[in-house]
Amino acid sequence: MRGRKRPAVFVALAGLMSLVSVPLVLAVHDIGIFELESDATDDPAVAGDDWSSVNAGGGTAIARTGVVADPAPASIFTGGGSKDPIDISSWKHKDGSVPSKDDITNAYAAAYNVNGDLVIYFGADRFANDGDAQLGFWFFQQNITLNPAGTFNGAHEVGDILVLANFSQGGSVSTIQVLKWVGTGGDQQGGTLQLLLTSSAAQCGPGLSGDTVCAITNAGPTAAPWPYTPKSGAAGTFPPVSFFEGGINITEVFAGSTAPCFASFLAETRSSTSVNAVLKDFVLGAFPVCGISITKSCPSSTLNETETAFVYTFTGTVTNTGFGNLFDVTVVDDAGTPGNASDDITFNLGTLGAGASAPFSGTFESSLNPATNTASVSAATADGGPATVTDVSDPATCPPVVRTPHISVTKVCQVRLVVINNRVVVQVDFSGQVCSGDQVGLDNVTVTDDSGTPANAADDQVFTIGSLARSQCAAYSGSYLPATTFTSDPGSASFTDTVRAAGDARLGFGHVEDTRSATCPICP
């Protein structure tokens, strides 16, 4: 346990574990974090989580796989290249059968931050218990997935961890080994793996203290908190030596260097205890121990000053959801035109501690109404390292900008006598102004006066106003010689015509029109 003096730790571990340059400081069992007592059901009287709560979404884990089911005959290893010392790119899989004792039915893993140490608990259950069990648990830094063609997506990275646990048919732990993928120069066959520690007596329990890794299996029947049917026995019950669980302190394994961030998890069965053994069944699942999440909203929208685009305000939050610090946290907001990187907005948020959050906010212009876009985040798990932890926000739809366009026109007229070709004739002079509303400007503004002969567009007068900003007015004026048959009473004669104003609201807010008529008596 942390806090004990180093000599006491070594005395407690004497004869139990041989180390390869890995000091042991923190135990993984009986520390009030997780119950490693050979059953999967949470005991309210015992401090810590258990699989029944963790796999249901409860507990305090920073990452969990949940129950990853592997019903027969799904996903078994095949081919001579499917061995632990060989890179994942050479592994092959298919659907098929394996010996019942090697058939994994479910697997699971959960990660915890224990006083700054990364502690991972892992487990699996199998179809039959008619033989010894050789189990392996891989923790990959890449998100390893399956190709339908029978290969694996992804490859090993230096620092991937393999825990090999061998159990006798009687239920005791015979050996546990912890190995690290190094690619070259390792001390195992082929040099791809380096042995970090080994133990011939690492069964979780009161007799073991200060352990970096331990494992245990059920000596008697225990309840299965998830759907499970054994080869022999009652459904919902693990027969003896059918349920396995263990824990490993990853920080202690990597003492003196930074522990890697794992992204996926694989439980495997093996033909023997040899590191080079042929692999049998496997269960694969995502396990984002180091994680980051990003959320984004777009709460407000308006027009820019020139009314050529919409202005949107966005806000968001980035949260370190995993273990350890994240470095060079970078947000890229797909602002402006979606898919066009030239107008993206980048935020450099620096370092983000475990569980910490950081906000970001900004504005962007777009021709879309409303605009919908996303933000992405990336971060490195080591200062100056590559960005390996990422997330993308859900699309954020900004509120649409709503504007009610308006146009208004006025008109006045007067009649006067003018001399044209030595003749005295009546001329109608008219004038007025056209105005835009206060919400949005107008383009293509025209004023059309139905002068001359009413309903005859050929002699209409058209005034091209052009553009009007919000609440802007423009004057127009003109004259015409009316073509009207008067009555015998000139005093009652008058001239009436109509002017029509029209314009297009900017940014697609519609077309607007207004009309105004004016009557001018011949004898004012």
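What is the residue count in the stretch 201-231 for residues that are without any contact (Cβ under 8 Å) to a residue 40 or more places away in the chain, in contact with a strand residue (DSSP E or B) (Cβ under 6 Å, 6 or more places away or on another chain) and either farther than 19 Å from D103 by Cα or of a type in the set (D, E) (or both)?
1
Tell me which residues, restricted to the stretch 494-506, are more than 18 Å from K411 (Cα to Cα) and surrounded by fewer than 20 Cβ atoms within 10 Å (Cβ to Cβ).
D504
Filter the stretch 138-189 down to residues that are farther than 18 Å from F282 by Cα, modelled with pLDDT under 90 and part of a loop (DSSP other than H, G, I, E, B), then give me how many there are.
Residues meeting the conditions: 6.
Residue pairs, Cβ under 7 Å, 6 or more apart or interchain, first in the stretch 259-271 and closer than 19 Å to T78 by Cα, second at pLDDT 95 or above and basic (K, R). List them.
Listed pairs, sorted by first residue: T269/K280; R270/K280; S271/K280.
Report, ordered by the first and then the second residue, all pairs with beta carbons closer than 9 Å, sequence separation of six or more or different chains, a first member in the stretch 69-81 that is within 10 Å of V283 (Cβ to Cβ), and a second member that is assigned to a loop (DSSP other than H, G, I, E, B) and of a type in the set (D, E).
D70/D103; A74/D95; S75/D95
Among the residues of the stretch 304-340, how many are under 24 Å from R403 (Cα atoms), crowded, with 20+ Cβ neighbours inside 10 Å and modelled with pLDDT under 95?
Within the stretch 304-340, residues that are under 24 Å from R403 (Cα atoms), crowded, with 20+ Cβ neighbours inside 10 Å and modelled with pLDDT under 95 number 2.
Please enumerate the residues belonging to the stretch 402-422 that are closer than 18 Å to F495 by Cβ and not β-branched (V, I, T).
Selection gives K411, C413, Q414, R416, L417.
Considering only the stretch 70-111, state which residues are among the hydroxyl-bearing types (S, T, Y), in contact with an Asp or Glu (Cβ under 9 Å, 6 or more places away or on another chain) and either closer than 28 Å to G59 by Cβ or surrounded by 16 or more Cβ atoms within 10 Å (Cβ to Cβ) (or both).
S75, S100, T105, Y108
Out of all the residues in the stretch 236-252, which are of a type in the set (A, V, I, L, M, F, W, C) and under 21 Å from F167 (Cβ atoms)?
F238, V241, F243, F244, I248
If you scan the stretch 394-416, which residues turn out to be modelled with pLDDT under 90, loosely packed, with under 15 Cβ neighbours inside 10 Å and of a type in the set (A, V, I, L, M)?
If the condition is that a residue be modelled with pLDDT under 90, loosely packed, with under 15 Cβ neighbours inside 10 Å and of a type in the set (A, V, I, L, M), then no residue fits.
The values are calculated or read from the model by the stated rules, or taken from the named source; none is laboratory data. Owing to the predicted nature of the structure, the values given are computational and were not obtained by experimental measurement. Because the Cβ atoms are built from the backbone with ideal geometry, glycine has one as well, and the counts that use them run over all protein chains shown.
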